[in-house]
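Visitor: If you scroll down you'll find the structure; I have some questions about it.
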Amino acid sequence: MSDHYTVLGLYRKVETITKAGDPIREAFGVKDGDIEVLSSAAYPDGALLDDKELLHQVESRQFLFPFLMGFVGFGAGVILAGGTGYIMNLIVGGKSPFTYAPTGVITYEFTLLFGVIGSVLSLLYYAGLPNWTDRAYDPEVADGALGLLVKVYSKEDQEKAAKIMEDYGAYKIKKGVNDF
Amino acid sequence: MSLDDNVKRSADAGVAGGHHGDVMALPEIESFRDPETKAAKAHYDDADIYRDEKGFNEHTLRPMFFTTKSYFIFTLALGLVMAQGLGFFVYQTFVGLGMAGIHEPVYWGAYIATFVFWVGMSHSGTIVSSILRLTQANWRRPILRAAEAMTAFSLMVAGLFPLIHVGRLWRAYYMVPLPSQRMLWPNFKSPLMWDFCAINIYLTGSMTFLYIGLLPDLAVARDKAIAMGNWRRHYLKVLALGWRGSHREWSVYNKCSLFLAVIILLIAPSVHTIVSWDFAMTMTPGWHTTIFGPYFVVGAIYSGIAAVITLMITLRILFNLDDVIRKFHIDALGKLLLVIAIIWTYFYFCEFITNWYSHKPEEWEVMAWQGHRFPYHLMVMLGGSCLTIFCLSWRRFRSCMPCMFALTLLVNCGMYIERYLIVVPILSRRDNPFMWTDYTPTITEVGIIVASFAYFIFLYAIFIKLFPIVTMADVKEGVIVSGDVRLGRHAVRVQVKE
């Protein structure tokens, strides 16, 4: 038995898809995470779908990844460059084995390297990538179509959602199971 | 509703920035794109041609999916040039570094000058891309990919030169901190080690930046390849990571791009500063100067932007992309190049005048020795500074593609010679007069250096056939968030900013 059903409606115009979102939400009480818009380019947040609150929650946590990884990189840099000085100590005229300039340079570079890694991890984690399974999608999205994707939990709701989408100007409807 | 009403209402509501009044009562973005304004906005040179997204996708993916016979001939020719370079390298590796012209006291010759040149070339791509992304400059969109790819490939070429220069290639792993029974461990106190770290980290960051930027376009190319049954679908499917352009994906992606842009902006200047410290941290007269860091960074951005322009014009012509990479973009890049040319000239004279006025004997000897290289300096001054500033000041020149192509090539010739003049003459007159001598690159060095240029072009040519060269998603976003409105008798482009 399946967990959920999906309906993907394709639209040509921004105005049409924005009008179709609200009736579907009202009809099934769809939560923010159960409705999506597919597009080939980025639209300003909230332009196509009223899920700013959900995205805000994601964004407010997303910055933690590069930030925390930057800290890890900072530590790695200090240990690598500074630690080398302590472990393989060259005694030169009573100078400290810890060398500030080289440690600073290496630490700076490592902080940024780990920041890069953290940024990529944040993308993968919050966008749910990679995901090579067959998910609800239509190649026409790449050619400019806008897709309204809804997750519902019964076959009847799936039919109803498809009908609403059609009524609100969807030129193509695709139905699926467990592929949100 | 008339266009004038639209203009008035959008002005009242602050289309370019504010959020006032009833949002749903405002006119749709499509209504701003009034055909009437098209004739009036010819001067924009950035017409609204992307209405048909399918056509746009096919047009911009054409260089990737369709290959002509001349492409194969061209890459074969590049392969031959690379093969001769490889031959010279193998010969040098077996016979020894004596095959190169480097000798006491000129231990750093054309290889190191070329290394600095390639690292410099890598600087424009990501820096320009990051700055333009962060400032939301709308004209950046079609040029980003080509510029970012240039960074990655320049660094890949640059990374070869220290290996070629040290001769004993099989000991290159000494630079990597790998625990071993022999207790070999890198010395982090050496600027050369900082350089090794910085360049590798920059390469990692640049490749990541390039890949993340590619992600949405890989999905478009994947769909196209699947529809065509093209062999590229196999790797495109994997590399696209299952991207489908959901609202959440875009939101997270944009945030990630922003993080990366900021981080890359912090990495890039540090890399060329560290390259400059390879020289400046030594006690060699002519090198030991505090100006080297910013001087190198500005020089790097300068040669990089010139290379981006050369590349853009080449892509325009070779792949018929003149309606995507427009004269307007070359003009904007030309203005940027003009600003950097002025800053670089300032640094060039700063370096000269401090030495000339202080007249320290050991510094002055190095400078006086440069006298017999006057033609080289003239080339640097002309290509790198005077001629560039003069020519780029004219709009007519900036919109002349052959002129811009020739000028940007001249800039990079000038910048290559400048790097050579930084490395070689200074070592020729270093410290002890009984060691003073001159240096001329041998045929081995010339062969390998020429092959490095072929290698760079080859990497680029391969990239164009495997990945989309135009930043399609960014261009589409530009169309979404902008439109033309009529203001009196003029067409004005407005852009939605969050």
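The values are calculated or read from the model by the stated rules, or taken from the named source; none is laboratory data. Bear in mind that the values here come from a model prediction, so they are computed numbers and not experimental data. As a convention, Cβ positions derive from the backbone with ideal geometry for all residues, glycine included, and neighbour counts pool all protein chains shown.
Visitor: Filter the stretch B:229-272 for residues that are among the aliphatic types (A, V, I, L, M), facing another protein chain (nearest Cβ under 7 Å) and either within 20 Å of A:Tyr43 (Cβ to Cβ) or within 26 Å of the chain's Cα centre (by Cα) (or both) and give the result.
Guide: Within the stretch B:229-272, B:Val252, B:Leu260, B:Ile263, B:Leu266, B:Ile267 meet the criteria.
Visitor: Kindly indicate the residue of the stretch B:447-498 that is outside any helix (DSSP H, G or I) and charged (D, E, K, R) and also modelled with the lowest pLDDT among those meeting that condition.
Guide: B:Glu498
Visitor: Run B:Ser122 past the list (1) within 14 Å of chain A (Cβ to nearest Cβ); (2) under 12 Å from the mean Cα position of the chain (by Cα) and report the number of the one that doesn't hold.
Guide: (1)
Visitor: Mind listing whichever residues of the stretch A:131-161 are of a type in the set (Ser, Thr, Tyr) and within 19 Å of B:Ala240 (Cα to Cα)?
Guide: A:Thr133, A:Tyr137
Visitor: Another question, then. Residues that are in contact (Cβ under 8 Å) with a residue 24 or more places away in the chain and closer than 16 Å to B:Tyr202 by Cβ: does the stretch B:141-148 have at least one?
Guide: yes
Visitor: Just to verify a result, which residue in the stretch B:176-189, among those that are in contact with a helix residue (DSSP H, G or I) (Cβ under 8 Å, 6 or more places away or on another chain) and at the interface with another protein chain (Cβ under 10 Å from one of its Cβ atoms), is nearest to B:Phe292 (Cα to Cα)?
Guide: Residue satisfying both the conditions and the ranking: B:Lys189.
Visitor: So is B:Gln84 surrounded by fewer than 20 Cβ atoms within 10 Å (Cβ to Cβ), touching a residue at least 12 places away in the same chain (Cβ under 8 Å) and over 30 Å from B:Val424 (Cα atoms) or not?
Guide: no
Visitor: Give the stretch A:121-145 a look and list any residue that's surrounded by 20 or more Cβ atoms within 10 Å (Cβ to Cβ) and closer than 18 Å to B:Phe209 by Cβ, or say none.
Guide: A:Ser122, A:Leu123, A:Ala127
Visitor: If you don't mind, another one. Could you figure out which of (1) facing chain B (nearest Cβ under 8 Å); (2) part of a helix (DSSP H, G or I); (3) hydroxyl-bearing (Ser, Thr, Tyr) isn't true of A:Thr107?
Guide: The failed condition is (1).
Visitor: In the set B:Met404, B:Met381, which member is modelled with pLDDT under 90 and assigned to a helix (DSSP H, G or I)?
Guide: B:Met381 is the lone residue from the list that is modelled with pLDDT under 90 and assigned to a helix (DSSP H, G or I).
Visitor: If you don't mind, another one. Going through the stretch A:47-70 one residue at a time, which ones are within 7 Å of chain B (Cβ to nearest Cβ) and not in a loop (DSSP other than H, G, I, E, B)?
Guide: Scanning the stretch A:47-70 gives A:Leu55, A:Val58, A:Glu59, A:Gln62, A:Pro66.
Visitor: Let me ask something else. Listed residues B:Ile199, B:Ile226; which is within 12 Å of another protein chain (Cβ to nearest Cβ) and in contact (Cβ under 8 Å) with a residue 60 or more places away in the chain?
Guide: The conditions single out B:Ile199.
Visitor: Spot the failing condition for A:Val150; the list is (1) more than 14 Å from chain B (Cβ to nearest Cβ); (2) part of a strand (DSSP E or B); (3) not charged (D, E, K, R), and only one is missed.
Guide: (1)
Visitor: Let me ask you something else. In the stretch A:12-46, which residues are more than 18 Å from the chain's Cα centre (by Cα), assigned to a loop (DSSP other than H, G, I, E, B) and either of a type outside the set (Gly, Ala, Ser) or within 11 Å of chain B (Cβ to nearest Cβ) (or both)?
Guide: A:Arg12, A:Lys13, A:Val30
Visitor: Pick out the one residue from B:Phe115, B:Phe153 that is in contact with a Pro (Cβ under 7 Å, 6 or more places away or on another chain) and either charged (D, E, K, R) or surrounded by 20 or more Cβ atoms within 10 Å (Cβ to Cβ) (or both).
Guide: Answer to the check: B:Phe115.
Visitor: Something else: Restricting attention to the stretch B:435-453, does a residue exist that is under 30 Å from B:Trp243 (Cβ atoms) and of a type in the set (Ser, Thr, Tyr)?
Guide: No, the conditions are met nowhere in the stretch B:435-453.
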